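For reference, the structure is listed below as structure tokens.
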Amino acid sequence: MGVDTGAPSVVTSPRRNLAARLSAWTSSALALRRLALASVLANVLIVVTGGAVRLTNSGLGCPTWPSCSGSSLVPTRKLGINGAIEFTNRTLTFVVGTVLLLTFIAAWRQRREARLAAVALASIPAQALLGGIVVRTDLNPWLVATHFLLSTAIIAVTLLLWWRVSEHRAVQIPSAGIVLARSTACVAGAVLVIGTVVAGSGPHAGDLKNGKVHRIHLSTSGLAQLHADAVMVLIGVTIGLLALTYALRLPTVVRQAGWVLVGVELAQGALGYTQYFLHVPALLVALHMLGACLVWLAALRLLLLVEPRAVGQSQAASSLPQAASPRTEVVARPATESGPDRSATAS
Ligand code: HEM
């Protein structure tokens, strides 16, 4: 026999329970930060799985779009492993879309960066549509390149969203540093663009079996040379920026971000040369695609970390805490000062 506690009995259905939990979760600032970070990672993941589709020659594993084949939404046995690989990548779009949808819901409920979250969310169906056009144009290499570059743009948007909702603080630095940080990001973008053209002229067309796929008819070795030259410029500009962070005694966090960027650039450069001389083995190309995302993220992070010192703001005035915006830390220490680093750092 049950004991009557006198409390009214509240019967909640599992569905209501779930909705209540979801509602509480999406109104938490921590959840929004985590979702925004998950959005960045999910988009990096889909770049790599998209690469796997190309590198296993599964680009036309599902020969049409939006259905997989003329008669079926999902791959049939006849389409074999390539059909399964292509379809898995298509399905992953829904996972990425769900993460971005939850991020948007949280941002909207908290009235924080909802517009940016909406742009990120809207880019997923746009990317899916572009993927469909890629299939329907038999893997046109220019569209394959655009497909990759759109992902890098989405990664940039989601990183900015994560940066803002996490309330990271920018460090005010002199204009020379800003010019170098912006140049680094621009050259990194150019390296990515040229890299996609190298890939479009190279042997990994995405589906070599039926001979349908056309390529970019430019010299692969010439393009790879141009790509490597752009990488040299990128490393040079980044080292220049790093040297400036020491010369101006910028906060440790900026120096660290500079070192991280140089590190990933050197590793990615070494990987690039290795894959080139080994005639682009698929596994190394996949790692190179992941490395490209990491270089991009590191360059953008450095860019987000700094902002121009306000016009007419003296270093002495800028040391006042009220001079800083909520997202801003000010570099206040004169370049000549010695001793431990007491200048502002951003998290
Ligand atoms: C910061 C350094 C580098 C970055 C960010 C970078 C980025 C990229 C990107 C985005 C792609 C296109 C990926 C795709 O669409 O599949 C690519 C392809 C390629 N990269 Fe790099 N790269 C770097 C360094 C290098 C270097 C130093 C070499 C040496 C020659 C190199 C050789 C190649 C080759 C051969 C391809 C074509 C691979 C294929 O056939 O699919 N990369 N790179």
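The values are calculated or read from the model by the stated rules, or taken from the named source; none is laboratory data. Since the structure is predicted, the reported quantities are computational estimates derived from the model, not experimental observations. Note: ideal-geometry Cβ built from the backbone for every residue, glycine included; neighbour counts use all protein chains shown.
Residues considered: THR49, THR64. Of these, the only one that is among the β-branched types (Val, Ile, Thr), away from the ligand (no atom under 16 Å from the Cβ) and either in a loop (DSSP other than H, G, I, E, B) or not assigned by TED's automatic domain parsing to the domain that holds LEU283 (or both) is THR64. Among the residues of the stretch 224-240, those that are in contact with a helix residue (DSSP H, G or I) (Cβ under 8 Å, 6 or more places away or on another chain) and either hydroxyl-bearing (Ser, Thr, Tyr) or within 17 Å of GLN268 (Cα to Cα) (or both) comprise ALA224, LEU226, HIS227, ALA228, ALA230, VAL231, VAL233, LEU234, ILE235, VAL237, THR238, ILE239.
Looking at this structure, is GLY258 surrounded by 14 or more Cβ atoms within 10 Å (Cβ to Cβ) and near the ligand (Cβ under 9 Å from one of its atoms)? No. A search for C-beta distances below 8 Å between a residue of the stretch 166-180 that is acidic (Asp, Glu) and any residue that is surrounded by fewer than 16 Cβ atoms within 10 Å (Cβ to Cβ), counting only pairs 6+ apart in sequence or on different chains, returns GLU167/PRO326; GLU167/ARG327. Does the stretch 244-252 contain at least one residue that is near the ligand (Cβ under 9 Å from one of its atoms) and among the aliphatic types (A, V, I, L, M)? The answer is no, given that none of the residues of the stretch 244-252 is near the ligand (Cβ under 9 Å from one of its atoms) and among the aliphatic types (A, V, I, L, M). Residues in the stretch 186-225 that are away from the ligand (no atom under 12 Å from the Cβ) and under 24 Å from the mean Cα position of the chain (by Cα): CYS186 alone.
Scanning the stretch 226-249 for residues that are in contact with a Lys or Arg (Cβ under 9 Å, 6 or more places away or on another chain) and under 13 Å from LEU261 (Cβ atoms) returns LEU242, THR245. In the stretch 273-297, of all residues being touching a residue at least 60 places away in the same chain (Cβ under 8 Å), in contact with a His (Cβ under 8 Å, 6 or more places away or on another chain) and within 8 Å of the ligand (Cβ to nearest atom), the one that is nearest to ALA176 (Cα to Cα) corresponds to VAL285.
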